[in-house]
1. Quick check: from the Cα gyration tensor, does region B:3-308 come out rounded (a/c under 1.5), prolate or oblate?
2. Find the relative contact order for chain B and round it to a whole percent, using C-alpha pairs within less than 8 Å whose residues are 6+ positions apart.
3. Just report the Cα centroid separation between region A:127-153 and region B:33-65, whole Å.
4. To the nearest Å, what is the center-to-center distance of region A:247-266 and region B:164-192, using C-alpha atoms only?
5. Could you give the Stokes-Einstein D for region B:96-239 in µm² per second, using the C-alpha Kirkwood radius, 37 °C, 0.692 mPa s?
6. On average, how many beta carbons from a partner chain sit within 10 Å of the beta carbon of a residue in B:299-312?
7. So how long is each side of region B:176-316 along the principal axes, counting just the alpha-carbon atoms, biggest first, in Å?
8. If you find the alpha carbon centre of region A:76-109 and of region A:16-64, how far apart are they in angstrom?
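A short reminder: the numbers here are calculations on the coordinates, not readings from a lab. These numbers come from a predicted model, not from an experiment. Methodologically, a virtual Cβ is constructed for each residue, glycine included, from the backbone with ideal geometry; neighbour enumeration extends over all protein chains shown.
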Amino acid sequence: MFLQQLINGLTLGSVYALVGVGYSLVYGVLGLINFAHGSIYTWGAFFAFTLLAYTGTPFPLAFLLAMGATALVGAIVERMAYYPLRKSPLMSQIVAVLGISIIMDNLAMLIWGSEAQAFPSVMGSQVWTFAGVRISLLQFLIMGAGIVLMVALYFLVYQTKVGAAMRATSLDADAASLMGINVERLRLMTFTLSAALAAAAGTLIGAYYRTVIFNMGYGVVIKAFVVAILGGMGNVVGAMLGGLLMGLIECFGAAYIASGYKDAFVYIVLFLVLLLRPNGLLGTYEKEKV
Amino acid sequence: MDTATVVKRGKLALLNPYTKIIVVILLFAVPLVIHNAFYLDAVNMVFYFIILAVALDLQMGFLGVYNFGIVGFVAIGAYTVGILTVGVWPQWWGFWVALLIGAVFAGIVGVLLGLSTFRIRGDYFCIVSLGFGEIIRYVLLNWVSLTGGPMGITGVPAPRIFSLALASRGQLYWFVLILVLIVLVLTVRMKNSYLGRAWVAIREDEVAAEASGINMVQYQAINMAMAAVIAAVAGGFFAGYLNYLNPESFVSNVSLNIVCMVILGGAGSIWGAVMGAGILTLIPEIVRPLAQYSSLLYGLLMFLVMIFRPKGVLGK
């Protein structure tokens with residue numbers, strides 16, 4: 001039971017990590033909660049669903065194509081909704097993005113219908129049993145994809161010039177732009193990257209639960225936020241760990257405390273983290289300057 | 001510092017005290033002229049959302065705290081009325097006592113929420129409050145013995161005054177209109193009292209406000225309590241109006257819609273909140289023939305208003 005929940009939690013957690021890292025990056029570089037993250041995730045899942053169900057594309061290819069297509073959608077959203085409002089009050093930006101998110105969800109509903117669609121089986125139903133613990137090939141695949149993407153992202157953010165520019169912009173966008181970083185282009189890139197990661201997560205979740213629906217992204221914005229603050233906003237490694245932790249909390253909470261509250265644990269964790277460690281588990285204390 | 005002064009500073013300078021009285025009388029006369037239940041329903045819902053938008057404007061516009069979970073307080077008010085009138089006090093005064101209890105209860109929850117989150121600012125608070133609303137909804141969904149779970153509560157009686165039941169759409173219109181007027185007078189007066197000024201001071205600069213002797217924690221708690229009480233009263237009305245309750249009426253999207261009403265009209269402007277509530281409640285009704293596109297248009301409107309008037313239609 002315990003080991004089984006551990007495996008389930010880590011599977012779910014690696015997906016949450018993907019969503020959370022993208023979200024955290026966008027918050028760092030654009031300085032804004034991305035309320036459209038859930039809709040982008042939904043679109044990613046639907047792109048993969050369309051490719052798999054209607055064209056019979058092999059899964060790895062469909063996975064990458066869905067990421068690419070969603071990245072494009074992300075770039076359009078960034079230029080349409082974020083860029084023109086860069087200097088507006090925070091709330092106007094949030095409402096504009098909420099508007100975009102409603103538009104995207106409803107477009108998804110018009111295109112793919114309002115009913116849940118069955119996501120094609122990806123890996124057959126191969127299941128191994130070790131000492132009473134069932135692990136499916138799909139769970140391996142999800143964890144593997146999560147790990148590969150996380151490692152690639154870690155390399156990108158901490159080892160490349162672009163990553164250094166991202167971290168510099170998170171720290172201080174004005175100073176970064178004075179150092180010759182093209183901040184606007186970097187913001188577009190970060191948003192696009194985060195959209196691609198969201199698409200990967202959406203596709204994996206679609207494959208895991210074998211279903212996609214237009215409103216599947218509703219709770220994702222909040223979960224991604226919690227994952228991001230668990231690790232400290234803008235902290236990539238923190239968000240990865242936060243995602244795994246979130247998956248574990250959900251699975252263990254549902255198994256040992258109350259299954260009806262499965263989706264409510266995330267909020268309880270959120271309250272606790274913000275009350276006890278407002279800068280995240282790995283965050284450093286930052287005092288407001290006068 | 002009454003309504004007229006504030007209004008004069010705004011864009012509705014036409015409203016001198018006499019026109020105000022005439023407008024109020026005309027508003028009360030509406031159900032005598034319009035009997036169509038569809039129109040009255042639409043207007044009642046506009047009023048219901050005006051109350052909520054104004055309550056939220058106290059937080060977002062005055063204090064600068066972006067509460068994305070106001071529907072949690074509405075749910076507390078609504079379910080208190082539902083549970084107490086159905087199960088405990090079916091008498092005529094049950095509704096009114098329950099309305100009061102719900103308001104007090106929501107106020108206490110509001111103070112607790114305010115006290116526990118006063119350090120959390122800006123967009124973080126957006127999500128925390130969104131989470132608060134969702135936690136309330138999960139409790140409603142899962143505490144089946146008390147709330148009926150997903151089935152909710154049916155047979156909530158209409159508000160009654162002795163043996164007179166406010167059951168028709170017109171009578172309920174008068175009830176909610178009175179609530180709207182009370183809330184409007186209250187908030188407009190509050191805006192220019194020491195309370196409103198303290199809130200604006202905190203919004204503009206927390207450190208400076210505290211240095212000027214404003215107890216931030218206390219004023220934030222009062223603000224949260226006010227909004228919670230008003231929202232709970234609106235929730236109580238909602239319970240008596242629809243006669244049934246289920247958690248679906250209190251999903252987080254309702255909170256977000258109310259946020260959009262405030263922002264659309266212009267945060268900090270009470271008349272903006274009124275207008276935002278009117279526009280966003282009526283648009284889905286007007287475009288009903290385009291049912292499947294109505295949400296799409298709603299999103300498009302939010303987006304376009306923010307692009308062209310980032311501070312809201314009546315915002316300065």
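1. rounded
2. Relative contact order for chain B comes out at 31 percent.
3. Centre-to-centre (Cα) distance: 50 Å.
4. Between the Cα centres of region A:247-266 and region B:164-192 lies a distance of 42 Å.
5. Roughly 187 µm²/s, to the nearest whole number.
6. The mean count of partner-chain Cβ atoms within 10 Å per residue comes to 6.
7. Extents along the principal axes: 55, 40, 25 Å.
8. The two parts, judged by their Cα centres, are 17 Å apart.
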